[in-house]
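Each remark here refers to the structure printed beneath this line.
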Amino acid sequence: MVLKEDIMKATASVGPSTGTGTGLRGKLNKVVLAYSGGLDTSVIVPWLRENYGCEVVCFTADVGQGTGETEGLEAKAKASGASQLFIKDLKEEFVRDYVFPCVRAGAVYERKYLLGTSMARPVIAKAMVDVAKEVGADAVAHGCTGKGNDQVRFELAFFALNPKLHVVAPWREWDIRGREDAIEYAKKHNVPVPVTKKSIYSRDRNLWHLSHEGDILENPENEPKKDMYLMSLDPEDAPDKPEYLEIGIEAGIPISYNGNHLSPANLLATLNEIGGRHGIGRIDMVENRLVGMKSRGVYETPGGTILTTAVRELESLTLDRETMQLKDTLAIKYAELVYAGRWFDPLKESLDAFMEKVTSTTTGSVILKLYKGSVSVTSRKSPFSLYREDISSFEEGSGIYNQGDAAGFIRLYGLPIRVRAMQQQNL
């Protein structure tokens, strides 16, 4: 298993390992390619060598896309003509430094989307820039199409982290227009065509979520098929008995469940399994892509739905009204920045500082009830709670709140309304 090592390198045995001449479209020395081992990125390897006369270094990030996804990539990369393959385990970094800050911020795009793909792209791009520096590459490349958001997310991260790097996006340059064209190109260049069954859906999976697009989903009137879902059980088939979970939170960051303190990635993975069997976290939405068009996607985010619900609920105890309202307003902008690929933007970093400050007392625990697709809050507590039972109770006794004070408050607070009514009625 290559993942026993944090980073694994493999030397290619097929074709020349370094670029020696000018390609059809120019000359680059060495390119780091975001590589999955699928048909598209397997074809990109020889295409880069042919068109830019360059050495190709493949890079694969493990962000929790599933067991077996990185197996066999060494052989595939070598067979495609890559000189090296890097595989890096980014799961803990992904959850700790990218997912949990978004959870703390309460970032949700267009009322529903919990930003699963959006959060993963900058951590992958950052690792690619690091590899480019290590191997002395002068360019990076990705396999994103020219119609989606990911091309923007990758390239803005590249610009922010190393503006000297050239960026190559083959889907915006080549003549390949579909799967059959790619297979023909692969055969022509002696690249083994992946024999895995082609899914009818376009999917993106990481430790936070699984997205589904394409096929019948392209018509927003169509209901998703039951067998499409992979991370979560149909709520109708979920257990008839509810399950209760206590989520521990420290300064707005989840740290435990039922008293078990786990690493960020292990905590999320565990909650994915628990939430998945109760049908938690299914979202079906039509969203506005950054590039202008609308798209329909279905997302499974079982563990993420549990964590975002818990953190948001704890804030009801620890944030005052004005702070909560401002945080909710800024969370919308925060989500827009992350969705648009501006993770390393100074504005987003400034918002992070605000979120970290205002959630410094969001510490405590929340008990959730999971039942057939729903997450209900049953209990919340915090040592920094602003809730005072002696003040909020209908029974008198605190001595702090005098109901008679409300009359003067209402007269002053309602004065503008009263004055306007007087003017309209010529009083």
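Listed by position, the strands (runs of 3 or more DSSP E) enclosed by the stretch 207-325 that each have at least 2 residues that are of a type in the set (Ser, Thr, Tyr) are 253-257, 294-300. Filtering the stretch 382-397 for residues that are open to solvent by less than 100 Å² (accessible area, probe 1.4 Å) and over 46 Å from the mean Cα position of the chain (by Cα) leaves a non-empty set. The residues of the stretch 200-246 that are on the phi > 0 side of the Ramachandran plot and of a type outside the set (Asp, Glu) amount to a single one, GLY214.
In the stretch 41-74, which residue that is of a type outside the set (Gly, Ala, Ser), open to solvent by 30 Å² or more (accessible area, probe 1.4 Å) and more than 24 Å from HIS166 (Cβ to Cβ) is modelled with the lowest pLDDT? Checking each candidate, the answer is THR67. Scanning for something open to solvent by 30 Å² or more (accessible area, probe 1.4 Å), over 32 Å from the mean Cα position of the chain (by Cα) and either of a type in the set (D, E, K, R) or within 20 Å of ALA182 (Cα to Cα) (or both), does the stretch 25-40 turn up at least one residue? Among the residues of the stretch 25-40, at least one is open to solvent by 30 Å² or more (accessible area, probe 1.4 Å), over 32 Å from the mean Cα position of the chain (by Cα) and either of a type in the set (D, E, K, R) or within 20 Å of ALA182 (Cα to Cα) (or both), which makes the answer yes.
Here is a yes/no grid of residues against (1) under 30 Å from THR270 (Cβ atoms); (2) open to solvent by less than 70 Å² (accessible area, probe 1.4 Å):
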{"site": "LEU165", "(1), (2)": "no, yes"}
{"site": "ARG172", "(1), (2)": "no, no"}
{"site": "GLY178", "(1), (2)": "no, yes"}
{"site": "SER211", "(1), (2)": "yes, yes"}
{"site": "PRO220", "(1), (2)": "no, no"}
{"site": "PRO224", "(1), (2)": "yes, yes"}
{"site": "LEU233", "(1), (2)": "yes, no"}
{"site": "ILE255", "(1), (2)": "yes, yes"}
{"site": "GLY259", "(1), (2)": "yes, yes"}
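Remark: pairs (first residue in the stretch 299-326, of a type in the set (Lys, Arg); second residue not in a helix (DSSP H, G or I); Cβ separation under 7 Å; 6+ apart in sequence or on different chains) = ARG312/GLY106.
Number of residues in the stretch 337-377 that are open to solvent by less than 30 Å² (accessible area, probe 1.4 Å) and in a strand (DSSP E or B) equals 5.
What about VAL419, is it closer than 30 Å to GLY252 by Cα and not small (Gly, Ala, Ser)? Judged against the criteria, VAL419 is not a match.
Please verify whether ALA107 is small (Gly, Ala, Ser), touching a Pro at 6+ places or on another chain (Cβ under 8 Å) and open to solvent by less than 40 Å² (accessible area, probe 1.4 Å), treating the condition exactly as stated. In short, no.
For the stretch 1-23, the condition of being among the β-branched types (Val, Ile, Thr), under 25 Å from the mean Cα position of the chain (by Cα) and at pLDDT 90 or above holds for none of the residues.
Among the residues of the stretch 308-322, those that are more than 26 Å from PHE154 (Cβ to Cβ), open to solvent by less than 40 Å² (accessible area, probe 1.4 Å) and not small (Gly, Ala, Ser) comprise THR309, VAL311, LEU314, GLU315, LEU317, THR318, LEU319. For ALA406, state whether it is touching a residue at least 60 places away in the same chain (Cβ under 8 Å) and either in contact with a His (Cβ under 7 Å, 6 or more places away or on another chain) or in a helix (DSSP H, G or I) (or both). No: the conditions fail for ALA406.
The values are calculated or read from the model by the stated rules, or taken from the named source; none is laboratory data. Predicted model, so just to flag it, every value in this text is computed and none were measured. Every residue, glycine among them, receives a Cβ derived from its backbone with ideal geometry; neighbour counts consider all protein chains shown. Ligands, DNA and RNA are stripped out before the accessible areas are found, and what is left, the full protein with its side chains, is counted by its heavy atoms. Shrake-Rupley method; radii C 1.70, N 1.55, O 1.52, S 1.80 Å.
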